[in-house]
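Okay, structure first, notes after.
A short reminder: the numbers here are calculations on the coordinates, not readings from a lab. Since this is a predicted model, take the numbers as computed values, not measurements. With ideal geometry, Cβ positions are generated from the backbone for all residues, glycine too; neighbour counts draw on all protein chains shown.
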Ligand SMILES: Cc1ncc(C[n+]2csc(CCOP(=O)(O)OP(=O)(O)O)c2C)c(N)n1
Ligand SMILES: Cc1ncc(C[n+]2csc(CCOP(=O)(O)OP(=O)(O)O)c2C)c(N)n1
Ligand SMILES: [Mg+2]
Ligand SMILES: [Mg+2]
């Protein structure tokens, strides 16, 4: 009663669920991923009401992966699950987003606050009356947790969660109890957009750091730039691009940094990953007397097993939380402002150019008469097939290492999970990414996954068909877990998988005649034919294209071979 | 070095992984569920070595569900996953096993203790050097956590975990770092089997409780027995069976207690679930002056939305952790011993008989000329189709409520998740249950799932095919989430699902010609024909049978309708 009176005093009342979805719309979300459940059903009614689209995934893990892919293209995303069963199914995807700095808003439909207070023995509970155990689990993998248990604080908690999600570029958790969905809150708040700008650096401190950097840079004899994942994730792409273009310095990317920069620039030099680097890159980077390292995440697979050999003495690190010049640390100075100023104040630099990567087929492959599609042949060939603006998704497995050998056209978005490395991710992510592409008018989303990985989340193909998405999907059919074989268990049965008739799946998942085109390519000639098929390569068709790409079980990109060797050794370490 | 010396002093050294798998073999496990990952690969080599079978699931959530199903048939099970990505994918299945008291040993392949100590930035981590965050999450849903970080305590921790798993009938978590797998420990320990017996009740206290119970029971005018889930989960089936048979008291089961007792006994009276009870059951149970309630879990869906109306004044509760006679509590007295003694000392009882459930088709359905397969017609008809020893799995949805109307033959094992209620569970569980059935020589495993639920975990059909399992699978095709429609969103699109060609899936998942039989039944006549097809009903064939069972989108068992109504009301409660 008291509550109703309070609601009536609000000039422009809006329901909590509507407020939440309007805020998501405001920050750029247009589609909501997830699954219904009785604790979130009433909330779902608000989605079309505020002009959002409900995706309707096949399961929550896949929905989480899809939300991750969508966020990597659109800047943020949202997933709705139901208490306990739904949210826990998605937990691995959310942990992946946390690990890899992807901003996903996870909204969980909760039992009513009344039922929670009385500790009712409800379905989807552990039977112990504890309604906080799942949020506690998610707190480990969220940068904010907003429990909407009180009408008067709901708006603040929602705003805070979305802002933290954006600024920290990590998942947040929002609980939405059934009895809160329709509670009235102040709609006028929505007239003030969320402030998503990064706090400015202290100008004096920033200038100081910029000076130190410029001094080092102008004195360096053969400086290089190395761009990594956090450049993308912490929204420093423009600043980095401007710096690279103006400076003309040889620039390299790490595996997780693929897609961060325009690889058609004349000063682009290829992928640096220690022993897994592109030809000539390792020598150039490691002999440099100054490496400007932007947004680094020096994880094992991102450095081909820590075979990274750059001294901190020769490094300037740019991060979202600090800048580090050799051993001098500048905490609290965000890279974005610093990069901008460094670019502005840039003087004359000594430039010693680096390797020029291309998509030429390696000589041995060029002359070989073997029709087999090899990893060494395929990935540069993919480079020729790709177009400006493509979204390219690669799965943990041979694909994730093969793509190091592909030089991208301009403005490619590359998606993969080099750090978290959860297989099945790429297929789910492809659903979200291709939906985001559709919303943005991006023409092609291309997925390269493995036969083993595809099996984990195969049903998301159904969601793509249902949502009329048109990605190009390659399933690398190589009889199982090739990447694992290179680590351990070369011919053991646990590295085999059941052999599916992959290209029969779209029809089984309900694709209508002609909606999906399917292919099987077993030789280089088949690939050539495919890549010259206009309908297949088109960015204009609405058809999903699904390819079985047959490769040998014992073939892997060279970077994978060396990384696998180091990994096996570390696992055996005593 | 010191370690090596110590190993040499052990008379009969055995590797940690071998010890672990031998213990699992000892307690009855014959197949290990899970997926490989580089942190568990070397451990997997031990599985065939000790005479165990590796299942090789399609993903970890499904593997977790399968392990749950396997444990419900064989008494315990094990799943192996890899650090982070694998274990978190399985977390929802493990939470379900925790909630529903299912003993699953979860073994997680960890990075080496060396890498952990130095906080390396490895793949499958959150990138923060914290290797304990996932075990902390799992601690919430495990009754024991054994981190095998030290050679000298590994055996004790393994023994402890397996014993707790068995005795508490809940999941346990075991971490197995890569460098611990081959460490030598004392193999002679294996000559002493684990003690899995329940601690005996204090005899004086037990006798006291038995006396109190007998007094009440002998004085009662129309006592009844009500059997629930914990009777199964806490291994009191034999004691309960003997009591029911000797006493001759009218006996009822709750939905979660289905399968606990022999439903062909003359004193079996049907399903009690408040407003959702079988015909006549509610009146009989609620008018009783003494209800012997064995192993109760009074959750919402187990009581048709708390429409349970039995006064504690008329109840004796038997639990694994206590006995409660009206309001007198006897903590620490386990039901098993008490039931046994009560049966032994039983005197003359006043017996007022109860309803006699059967599998007769309801009159309206019998006379109807409509060929449509209705829920009201189907479930009693299933009762006629079932045979002694069948394993019957039902999914959350119409199936889980429909099965209340099916009277079972003797020795049926019923599997469902009435409390946890995670959809997709039943299909995964069917893989594990039918594998367990094969190991035990049980002939038929029969799954009833919904079209919506099936989509979450469909690929486990592939694992069944790969492992040459022969369950009979019914997918209820009713255009989406019917159970949800009855709660909220009658015709909303979020309750629709993509329409699959379900029966094309086995072939797409690699079933060879003739290995799987597929059917589509759209009318009662079709069902009749199916149920009289010898190959279809056979317990001797090795063929998997897969049926699309077409029902109406707006049809539901009556118990579901009433439960949905209460649930919708509770969700809206303010
Ligand atoms: C969820 C999850 N489970 C298990 C693993 C361990 N794993 C990493 S790669 C891989 C095999 C991938 O095989 P496939 O997709 O066929 O790739 P390819 O054969 O091209 O290497 C496995 C099982 C993982 N990374 N994530
Ligand atoms: C993992 C998970 N996600 C979501 C839900 C919410 N939920 C409960 S039942 C149900 C629909 C089941 O539909 P279906 O299997 O088709 O059953 P039927 O149509 O026979 O009712 C859903 C979405 C859940 N219980 N578990
Ligand atoms: Mg493969
Ligand atoms: Mg359905």
Inset, instruction - Would you calculate, for chain A, the mean residue ellipticity at 222 nm contributed by helices, counting each DSSP H stretch of 4 or more residues as -39,500 (n - 2.57) and dividing by all residues, to the nearest 500? - result: -11000 deg cm²/dmol
Legend entry - Rounded to 5, percent antiparallel among DSSP beta bridges of segment B:10-191: 15 percent
Legend entry - Cα→Cβ-extended label distance, 7 Å offset, between residue B:573 and residue B:440, nm: 3.7 nm
Legend entry - Sorted by Cβ neighbour density within 10 Å, fewest at the top, the residues B:420, A:377: A:377, B:420
Inset, instruction - With r as the distance between the Cβ atoms of residue A:114 and residue A:321 and R0 = 51 Å, compute the FRET efficiency 1/(1 + (r/R0)^6) and round to 0.05. - result: 0.75
Inset, instruction - Grab the beta carbon distance between residue A:529 and residue A:493, set R0 = 35 Å, and tell me the FRET efficiency rounded to 0.05. - result: 0.50
Inset, instruction - Kindly put B:88, B:44, B:214 in sequence by how many other C-beta atoms sit within 10 Å of each C-beta, fewest to most. - result: B:214, B:44, B:88
Inset, instruction - In nm, give the distance between the simple-model label positions of residue A:513 and residue B:370, each being 7 Å from the Cα along the Cα-to-Cβ direction. - result: 3.3 nm
Inset, instruction - Would you mind checking the radius of gyration and Dmax of chain A based on alpha-carbon positions, in Å? - result: 24.7, 83
Inset, instruction - Can you figure out the FRET efficiency of residue A:238 with residue A:132, using R₀ = 35 Å and their beta-carbon distance, to the nearest 0.05? - result: 0.25
Inset, instruction - Tally the DSSP beta bridges in segment B:203-345 and give the antiparallel ones as a percent, rounded to 5. - result: 30 percent
Legend entry - Separation in nanometres of the label points that stand 7 Å from Cα toward Cβ, at residue B:411 and residue B:344: 2.7 nm
Inset, instruction - Between the label point of residue A:188 and that of the same position in each other copy, find the distances and list them shortest first in nm, with every label point placed 7 Å from Cα along the Cα-to-C-beta direction. - result: 8.3
Inset, instruction - Any chance you could run the full-extension gain for residue A:537 through residue A:182? It's 0.36 nm times the residue separation minus the Cα-Cα distance, nm to one decimal. - result: 123.0 nm
